[in-house]
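Since the structure comes first, as structure tokens, the remarks are kept for the end.
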Amino acid sequence: MTAIQKTRPARAEVKIRSEKLNLWYGSFQALKDVSISIRPRCITAIIGPSGCGKSTLLRCFNRLNERIGGVRIEGEIHLDGRNIYESGMDLMQLRKRVGMVFQRPNPFPLSVSDNVLYGPRVHGITDRALLEQLVESSLKATDLWEGLKDQLHRSALELPAEQQQRLCVSRLVAVEPEVLLMDEPCSALDPIATERIEELMQELASRYTIIIVTHNMQQAARVSQDAGFMLLGQLVEAGPTPTIFTNPSDQRTEDYVTGRYG
Amino acid sequence: MRIAPSITQRIAVSIMWTLAAVAMGVLAFIITYILWHGLPHLSWAFLTESPKSMGREGGVFPMIVGTLWVTMLAVVIAAPVGVATAIYLTEYTHEGKMTAAIRFGADCLAGIPSIIFGLFGFVFFVITLGMGLSVISGALTVALMVLPTIIRTSEEAIRAVPRAYRDVAYGLGSTRWQMVTRVVVRSALPGIATGVVLSVGRSISETAAVMLTAGSALGLPQSIFQSSRTLSLHFYILSREGISMTNAYATASVLIIAIMAINLSAYWLMRRFVGKA
């Protein structure tokens with residue numbers, strides 16, 4: 001743990017930065033002037049009560065919100081210094097760089113290897129040797145390889161939930177993303193599976209920038225280096241996780257992390 | 001007086017069981033009755049010979065060929081159009097007056113009696129387009145008839161594909177087309193196939209519409225532009241005109257066996273290829 005922390009980037013380094021981000025679903029404003037900076041190769045947890053806009057914020061980082069009709073967005077999000085909301089942004093390329101893990105494990109009704117290879121194939125990789133190699137490396141990245149290497153053609157739907165969620169991470173890893181967005185990735189899992197997915201997240205954080213949305217505060221405290229607290233569409237405060245949990249500067253944050261509401 | 005819940009439960013179960021048994025029983029009776037009368041007259045010769053003296057003697061080979069042609073063409077024409085329409089309705093437009101109108105139109109078309117389709121096919125394909133009484137006129141007419149079924153079943157199947165699959169497909173950087181072809185249609189395949197199988201069955205058994213469009217020629221059709229009699233129409237003519245009840249039953253048996261075989265092999269194929277996925 002300490003070894004990992006030594007290699008953490010300095011505070012000044014920024015992978016993603018949102019600036020005065022506002023989002024409306026029809027006439028309902030779900031995000032209000034959200035400005036947050038995300039450090040590279042760190043786990044940033046976004047916490048807050050249900051309906052506070054944390055999932056909405058997450059889905060802004062890969063522009064997945066726009067698929068819903070009636071969504072209006074103002075403000076900017078910079079990925080490596082470039083605004084992803086500027087016109088001419090290649091959405092396919094953006095989503096390849098910023099991948100997402102969802103609340104419920106959602107492998108496609110395909111075999112294990114076809115799940116992993118969905119992304120690479122969509123992006124035009126056809127070389128068999130390369131594809132086979134990708135299956136192996138992606139499954140190794142999530143510690144599935146040893147267990148599944150002889151069952152690559154088995155339907156992914158037959159796997160237990162935890163393995164399915166790992167497979168969903170493998171599926172992302174296969175397109176070599178830079179950022180992993182995780183939307184309550186453990187809420188459909190039992191405590192043991194949750195712990196193991198958290199370990200996996202720690203491992204992955206050495207290579208990827210991870211943003212996790214959770215309303216499990218213990219989880220946020222366990223896995224993240226940075227945290228942001230959201231309430232009613234606003235980012236109340238953000239900073240190093242220990243500060244947010246032990247010495248928050250806003251009364252509302254303190255009330256939430258001490259369990260006074262939420 | 002209140003009847004004990006355990007007794008109402010028992011009464012409900014027995015009523016439902018009886019009704020289900022009646023439904024199955026009627027079906028089984030019809031099939032057994034026809035096969036009982038038809039099977040003894042079925043023979044290899046009946047399947048491979050041409051009819052003689054209007055069908056009083058001989059077999060039904062030209063009708064089998066005609067039925068296959070009409071059915072195959074109809075489904076080959078209707079399936080792509082229907083599936084494409086369903087994809088368009090579900091994936092490429094937002095719900096609006098336009099989609100509601102298309103859906104309403106499809107539902108109305110599904111309820112129109114086949115003789116009306118036959119009349120339309122007769123006026124439009126046979127006369128106006130000059131295709132004459134022919135396999136192709138019949139196939140086009142039947143295709144129009146089964147189109148609503150294919151559109152609606154495919155649409156339901158596509159709608160049932162979890163939204164999460166679409167999110168993930170987009171999340172991995174797919175274009176809409178890649179998402180539709182590789183994820184949505186693939187997951188919806190069993191449902192789409194069910195719709196297609198249903199329309200195969202409907203095409204095979206269609207009588208009124210093909211009578212007016214494909215005609216009732218007894219000979220073996222040499223091309224799709226010639227008239228041909230289908231099995232169901234042959235059965236109708238044999239029994240209606242009192243030509244030969246034994247051959248009518250035998251023809252009906254061929255039809256029933258064919259439809260059962262198609263359904264069984266379709267289920268088998270679906271389990272084999274889709275169940276494994």
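The values are calculated or read from the model by the stated rules, or taken from the named source; none is laboratory data. As the structure is a computational prediction, the values presented were derived from the model and not from experiment. All Cβ positions, glycine included, derive from the backbone under ideal geometry; neighbour counts span all protein chains shown. Keep in mind that these areas ignore ligands, DNA and RNA; they rest on the heavy atoms of the full protein, side chains included. Shrake-Rupley method; radii C 1.70, N 1.55, O 1.52, S 1.80 Å.
Here are some notes:
- Listed here are the helices (runs of 4 or more DSSP H) enclosed by the range B:198-277 that have at least 1 residues being of a type in the set (A, V, I, L, M, F, W, C) and more than 27 Å from B:Phe122 (Cα to Cα): B:245-270.
- A:Gly124 among the small types (Gly, Ala, Ser), in a loop (DSSP other than H, G, I, E, B) and more than 9 Å from chain B (Cβ to nearest Cβ): yes
- When A:Thr209, A:Thr194 are checked against the criterion of being more than 14 Å from every other protein chain (Cβ to nearest Cβ), free of Cβ contacts under 8 Å to residues at least 60 places away in the same chain and over 22 Å from A:Ser111 (Cα atoms), a single residue qualifies: A:Thr194.
- Test: residue in the range B:46-53 that is part of a helix (DSSP H, G or I), exposed (fewer than 11 other Cβ atoms within 10 Å of the Cβ), polar (S, T, N, Q) and assigned by TED's automatic domain parsing to the domain that holds B:Tyr249: yes
- Per the listing B:Ile224, B:Ile256, B:Ile243, the residue uniquely in contact with a Gly (Cβ under 7 Å, 6 or more places away or on another chain), in contact (Cβ under 8 Å) with a residue 12 or more places away in the chain and assigned by TED's automatic domain parsing to the domain that holds B:Phe124 is B:Ile243.
- Criterion: more than 18 Å from A:Arg207 (Cβ to Cβ), of a type outside the set (D, E, K, R) and in contact (Cβ under 8 Å) with a residue 24 or more places away in the chain - qualifying residue of A:Gly99, A:Gly75, A:Gly51, A:Gly88: A:Gly75
- Every residue from the range B:169-182 that is among the hydrophobic types (A, V, I, L, M, F, W, C), in contact with a helix residue (DSSP H, G or I) (Cβ under 7 Å, 6 or more places away or on another chain) and modelled with pLDDT of 90 or more: B:Ala169, B:Met179, B:Val180
- Yes/no for B:Ala139 being small (Gly, Ala, Ser), open to solvent by 30 Å² or more (accessible area, probe 1.4 Å) and in contact with a helix residue (DSSP H, G or I) (Cβ under 8 Å, 6 or more places away or on another chain): no
- The one condition in (1) more than 14 Å from chain B (Cβ to nearest Cβ); (2) outside any helix (DSSP H, G or I); (3) without any contact (Cβ under 8 Å) to a residue 24 or more places away in the chain that A:Lys140 fails to fulfil: (2)
- A residue that is in contact with a Leu (Cβ under 8 Å, 6 or more places away or on another chain) and among the small types (Gly, Ala, Ser) occurs somewhere in the range A:60-81.
- Whichever residue in the range A:65-98 is assigned to a helix (DSSP H, G or I) and more than 9 Å from chain B (Cβ to nearest Cβ) and, among such residues, is farthest from the chain's Cα centre (by Cα): A:Glu66
- Residue that is farthest from A:Cys52 (Cα to Cα) [pool: residues in the range A:154-174 that are within 12 Å of another protein chain (Cβ to nearest Cβ), out of contact with any helix residue (DSSP H, G or I) (no Cβ under 7 Å at 6 or more places or on another chain) and surrounded by fewer than 18 Cβ atoms within 10 Å (Cβ to Cβ)]: A:Glu158
Yes or no, residue by residue, for (1) under 13 Å from the mean Cα position of the chain (by Cα); (2) buried (at least 18 other Cβ atoms within 10 Å of the Cβ); (3) away from chain A (no Cβ under 12 Å):
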| residue | (1), (2), (3) |
| --- | --- |
| B:Val126 | no, yes, yes |
| B:Leu147 | yes, yes, yes |
| B:Ser154 | no, yes, yes |
| B:Ser174 | no, yes, no |
| B:Ser187 | no, yes, no |
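- Residues that are aliphatic (A, V, I, L, M) and in a helix (DSSP H, G or I) were ranked within the range B:161-172; the one that is farthest from the other protein chains (Cβ to nearest Cβ) is B:Ala169.
- Residues in the range A:175-226 that are in a loop (DSSP other than H, G, I, E, B) and acidic (Asp, Glu) were compared, and the one that is most open to solvent (accessible area, probe 1.4 Å) is A:Glu176.
- A:Cys52 crowded, with 17+ Cβ neighbours inside 10 Å and within 14 Å of chain B (Cβ to nearest Cβ): no
- Residue match in the range B:176-187 (condition: of a type outside the set (A, V, I, L, M) and not in a helix (DSSP H, G or I)): no
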